[in-house]
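The values are calculated or read from the model by the stated rules, or taken from the named source; none is laboratory data. If you're wondering where the values come from, they're calculated on a predicted model, not measured in any experiment. Reconstructed Cβ throughout: ideal geometry from the backbone, glycine too, with neighbour counts over all protein chains shown. Just so you know, the surface numbers come from the protein's heavy atoms only, side chains and all, with ligands and any DNA or RNA stripped out. Shrake-Rupley method; radii C 1.70, N 1.55, O 1.52, S 1.80 Å.
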Amino acid sequence: MEQIQAIINLAAGGGKPDQAALAALLGCEGEDEARLLAAADRVRKQSMGERVHLRGLIEFSNYCERNCLYCGLRRANGSLVRYRMEGEEILAVARAGAALGYRTVVLQSGEDSCYTAKMLAEVVCRLKSELDLAVTLSVGERSREEYKLWREAGADRYLLKHETADRELYQALHPDMTFDNRRRCLYWLRELGYQVGSGCMVGLPGQTLESLADDLLFMQELDVEMAGIGPFIPNPSTPLGHCQGGTAGLTLKMIAAARLLLPQAHLPATTALGTVDSQGRQKALQAGANVVMPNITPNRYRRMYEIYPNKICLDDNPAHCRNCIGGIIAGLGRTVATDCGHSPKGDFAAAGTLSEAGTQ
Ligand code: 5AD
Ligand code: SF4
Ligand code: FES
């Protein structure tokens, strides 16, 4: 008990707990666990304030050329009906999102090379010129040149979860991908000046507390602007369908530990956490999280973006989700941020101020 409190104090004070200390922290229970979540809530309040940033998520294609063992979009899953939205349709969805008050849109898809770098650059460029939005891309591993083109087109941020910092587990879960290339991509994004989001799944088969500690240490080393942490949810249409999933409890401890180690990072209360626990997002917002990413994908496509089963909000339209989230945030005594929520870290905060000033 004293040992856990010492680790909490060290991390909350800007110290650097090592792998063993972080693994012990993630294994804590009862009163220690409550103290960890409360400490993360305090650090969140101090460094990020009471405002919650919303990001409108557009799932624009569910085609994927990869075969990640855990994911329903994997190419070998023949039971999924596939769709692609065209550039114009993506723009229309983003406009509708902006009309609902979103100041960031996240364009996400499987790894779908059907969208050339040029096509996506064009979409980004039009979004940035027509709407007053921050744009996040999340389309997987591409070449440095492609990332550069999108950055030059105006993309502000990029999400590429590292998924797991355990090299062997990573290789076992990703048949045609490499651990090293994933990391290379993340360092390229960092060099190119993106606000970088990484993250991992919690409760993967074979994952240990030590390996979760390494996830935290990796994100600290990369000094991410965002960290998406969600439970693994077994999908029966994948080879891991029979495995156990991650728990809300361990996921919340990971989010809380991430807040202590990364006081200035944006931490979303993930949809996956809201799926395994109906109060999961609320709990995350009270344990370090300060971002929610409501889905603004049109309803006719939502059901088909089936990464895992029983995803929340499948029958709810974007306006409904916007209201629902607004209610949840108000219910916690917090407010919805009205700015686009760039990273508060040095360079990015300055960029945010400039673009905000330019629109007034
Ligand atoms: N459970 C939880 N999260 C998953 N993802 C993919 N499959 C699953 C699953 N079964 C997450 C991964 C990936 C993102 C597209 O969704 O972290 O980065
Ligand atoms: Fe494709 Fe991403 Fe799913 Fe892997 S996790 S199969 S890359 S959508
Ligand atoms: Fe979609 Fe609550 S966020 S219904």
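If only residues of the stretch 137-152 that are of a type in the set (A, V, I, L, M, F, W, C) and more than 16 Å from ligand 2 (Cβ to nearest atom) are counted, the one that is surrounded by the most Cβ atoms within 10 Å (Cβ to Cβ) is Trp150. Identify, from the list Gly333, Gly327, the residue that is modelled with pLDDT of 95 or more and within 13 Å of ligand 3 (Cβ to nearest atom). Within the list Gly333, Gly327, the selection yields Gly327. Would you check if there is a residue in the stretch 200-213 being touching a helix residue (DSSP H, G or I) at 6+ places or on another chain (Cβ under 7 Å), more than 16 Å from ligand 2 (Cβ to nearest atom), open to solvent by less than 20 Å² (accessible area, probe 1.4 Å) and within 24 Å of Pro294 (Cβ to Cβ)? Within the stretch 200-213, none of the residues are touching a helix residue (DSSP H, G or I) at 6+ places or on another chain (Cβ under 7 Å), more than 16 Å from ligand 2 (Cβ to nearest atom), open to solvent by less than 20 Å² (accessible area, probe 1.4 Å) and within 24 Å of Pro294 (Cβ to Cβ).
What are the residues in the stretch 224-261 that are away from ligand 1 (no atom under 14 Å from the Cβ), open to solvent by 10 Å² or more (accessible area, probe 1.4 Å) and under 16 Å from Val291 (Cα atoms), if any? Result: Leu252, single match. For the stretch 271-292, taking the residues that are part of a loop (DSSP other than H, G, I, E, B) and in contact with a helix residue (DSSP H, G or I) (Cβ under 7 Å, 6 or more places away or on another chain), the one that is farthest from ligand 1 (Cβ to nearest atom) is identified as Gln286.
Search the stretch 67-100 for residues being in contact with a Lys or Arg (Cβ under 7 Å, 6 or more places away or on another chain) and open to solvent by less than 50 Å² (accessible area, probe 1.4 Å), and hand back the single one that is nearest to ligand 1 (Cβ to nearest atom). Residue satisfying both the conditions and the ranking: Cys68.
Among the residues of the stretch 340-360, those that are modelled with pLDDT of 75 or more and open to solvent by less than 40 Å² (accessible area, probe 1.4 Å) comprise Cys340, Gly341, His342, Ser343, Lys345, Phe348.
Scanning the stretch 308-325 for residues that are away from ligand 1 (no atom under 16 Å from the Cβ) and buried (at least 17 other Cβ atoms within 10 Å of the Cβ), we see that the one that is farthest from Glu59 (Cα to Cα) is Ile325. The residues of the stretch 300-349 that are small (Gly, Ala, Ser) and either in contact (Cβ under 8 Å) with a residue 40 or more places away in the chain or in a loop (DSSP other than H, G, I, E, B) (or both), listed by number, are Ala319, Gly331, Gly333, Ala337, Gly341, Ser343. Applying the set (1) more than 12 Å from the chain's Cα centre (by Cα); (2) within 21 Å of Gly245 (Cα to Cα) to Ala272 leaves exactly one unmet item: (1). In the stretch 155-208, what count of residues is obtained for those that are within 21 Å of Pro234 (Cα to Cα) and part of a loop (DSSP other than H, G, I, E, B)? Looking only at that region, the number is 16. Apart from one condition, Tyr187 fits all of (1) away from ligand 2 (no atom under 15 Å from the Cβ); (2) under 20 Å from His266 (Cβ atoms); (3) in contact with a Leu (Cβ under 9 Å, 6 or more places away or on another chain); (4) open to solvent by less than 10 Å² (accessible area, probe 1.4 Å); the exception is (4).
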